[in-house]
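Just below is one structure, and these are the notes that go with it.
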Amino acid sequence: MVHTLCIFEDQEYTQLLPLAYLRPTWDLRCGIVTLREKIERTFPGMTIQFLCRGYLADLVREQHPERTVNASLSGDVLFINGRVLADADIARELAALSADTLCVSGSAVVAARLSAQSIQQLRFDSSQLPDFSGLRHLPHREFTETLIRYPWDLVNNNGRQIIADFESSIAHGAAARQGTVYPGSHLLNPDAIAIGTASSIKPGVVLDAENGPIVIGKNVRILPNAVIEGPASIGDGSLIKVGAKIYEHTSIGPVCKVGGEVEASIIHGYSNKQHDGFLGHAYLCPWVNLGADTNNSDLKNNYGSVRVKINGKEIDSGSLFAGVIVGDHAKSAINTMFNTGTVVGVGSNVFGGGFPPKYIPSFSWGGAEGMTTYDIEKCVAVARTVMERRKKPLTAAEEHVLRMVFTMTAHERT
């Protein structure tokens, strides 16, 4: 029996940039929790180790001191790609895997069970990620489960994952509602609504779970006349503003302030969209702030498939709907407009009239009239101030990664 589970990143992390610049791919959110949390929940009782990009290793160790990171592996080990949407079916399939077998999907290794002898033959690339090409002689099994390849895969799977997370780990019925629900609020299909301790649902709020569950975390405030349609998830310590319209397939992580109109989007955590304006089919990383009346388009006028620039290449998303993708610590000024399928890099500041470029490199400053480089010292200083306001000091490891990404993305700004 295998006792060690290794969650690894692979070379296709580049297809999830800029979302994955400051975190391993497995710490991206889809549904109520992250990809990593789904894997850990699916494989209880196993000793878990991580393999990630070298420049992230110290940060991952800091965030997960209970885990072993980028260390030597020995014995019989089950590997699983951090981009997998793990569930009970995957657990059963991998539990039956014979030693020295690869599970593949196209060119990607999704999972593998390796003996000590095969682990000795495993090589690592310049980013310190495992390279399974030297083990391609091992028996293969085609893997048909969902593998996150691009940012829009997280968004497009979000509603189904909220339902799956709710069914697998959230108490149902009246026992799940521990917060304060004020008279004058309305819960539709209450058995599919979970409300955490110390949360408050103010008068005039409508929680409509008739088409999917709604999960409200702990210490959440839903202010009067807000409407939330399920499936939806609101993380611990978040605030939903007066009159907000939160439509289905939306996940809002911890400690966010959200108002206006949000549809089918993921706000990872510690980000603000406090004011009126539309956010649709989008993914916001932590420490993002969208100014008042910031809007994004998520549908082309010709109803065609949206093309998005990822890692220097234009990719056809295959989706009718695709909104804005925003990296960590990025900000928009009031009345900012983002076109369909826009990508905003880490630490960027976007302002001015008109539509800015559809691809904004990390640490850019400007808008439609032109871009310049945002000074890294100023960016770090602002990040430190913003994080301290949420009682989250910028650690040395976090600052190191920010500076690394500034250097790694310099070629995009020239």
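The values are calculated or read from the model by the stated rules, or taken from the named source; none is laboratory data. Remember, it's a predicted structure, so these values are computed and weren't measured experimentally. Here the Cβ is made from the backbone with ideal geometry for all residues, glycine too, and neighbour counts use every protein chain on show.
Before moving on, here are some points about what is shown:
- Residue check for LEU320: under 19 Å from GLY354 (Cα atoms), touching a Ser or Thr at 6+ places or on another chain (Cβ under 8 Å) and not β-branched (Val, Ile, Thr): no
- Checking the stated criteria, ASP76 turns out not to satisfy the condition of being surrounded by fewer than 18 Cβ atoms within 10 Å (Cβ to Cβ) and within 21 Å of THR14 (Cβ to Cβ).
- Of the residues in segment 320-334, not one is without any contact (Cβ under 8 Å) to a residue 24 or more places away in the chain and either surrounded by 18 or more Cβ atoms within 10 Å (Cβ to Cβ) or outside any loop (DSSP other than H, G, I, E, B) (or both).
- Any strands (runs of 3 or more DSSP E) falling wholly within segment 194-283 and containing at least 2 residues that are under 20 Å from ASP298 (Cβ atoms): 227-229, 232-234, 250-252, 261-263, 278-280
- Qualifying residue in segment 338-350 (condition: out of contact with any helix residue (DSSP H, G or I) (no Cβ under 7 Å at 6 or more places or on another chain), modelled with pLDDT under 95, at negative phi and of a type in the set (Val, Ile, Thr)): no
- Every residue from segment 165-192 that is within 30 Å of PHE43 (Cβ to Cβ) and either assigned to a helix (DSSP H, G or I) or assigned by TED's automatic domain parsing to the domain that holds ALA91 (or both): ASP165, PHE166, GLU167, SER168, SER169, ALA175, ALA176, ASP191, ALA192
- Counting only helices (runs of 4 or more DSSP H) that sit wholly inside segment 336-414, those with at least 2 residues that are hydrophobic (A, V, I, L, M, F, W, C), touching a residue at least 40 places away in the same chain (Cβ under 8 Å) and surrounded by 15 or more Cβ atoms within 10 Å (Cβ to Cβ) are 376-389, 396-408.
- Some residue of segment 262-281 being closer than 15 Å to ALA232 by Cβ and of a type in the set (Asp, Glu): yes
- Residues within segment 67-103 that are part of a strand (DSSP E or B) and either over 26 Å from VAL33 (Cβ atoms) or of a type in the set (D, E, K, R) (or both), tallied: 2
- Just one residue in the set ALA112, ALA174 is among the small types (Gly, Ala, Ser) and touching a strand residue (DSSP E or B) at 6+ places or on another chain (Cβ under 7 Å); that residue is ALA112.
- Any hit, segment 268-280, residues being in contact with a His (Cβ under 8 Å, 6 or more places away or on another chain), touching a residue at least 24 places away in the same chain (Cβ under 8 Å) and assigned by TED's automatic domain parsing to the domain that holds LEU207: no
- For ARG160, the requirement of being in contact with a Pro (Cβ under 9 Å, 6 or more places away or on another chain) and modelled with pLDDT under 95 is not met.
- For segment 245-300, a residue qualifies if it is over 19 Å from the mean Cα position of the chain (by Cα) and surrounded by 24 or more Cβ atoms within 10 Å (Cβ to Cβ), and exactly one does: THR294.
- Only residues that are surrounded by 17 or more Cβ atoms within 10 Å (Cβ to Cβ) and either of a type in the set (Val, Ile, Thr) or without any contact (Cβ under 8 Å) to a residue 24 or more places away in the chain (or both) were counted in segment 203-218, giving 8.
- Of all residues in segment 118-160, those being polar (S, T, N, Q), over 30 Å from ILE266 (Cβ atoms) and either in the same structural domain as ALA209 (by TED's automatic domain parsing) or not in a helix (DSSP H, G or I) (or both) number 1.
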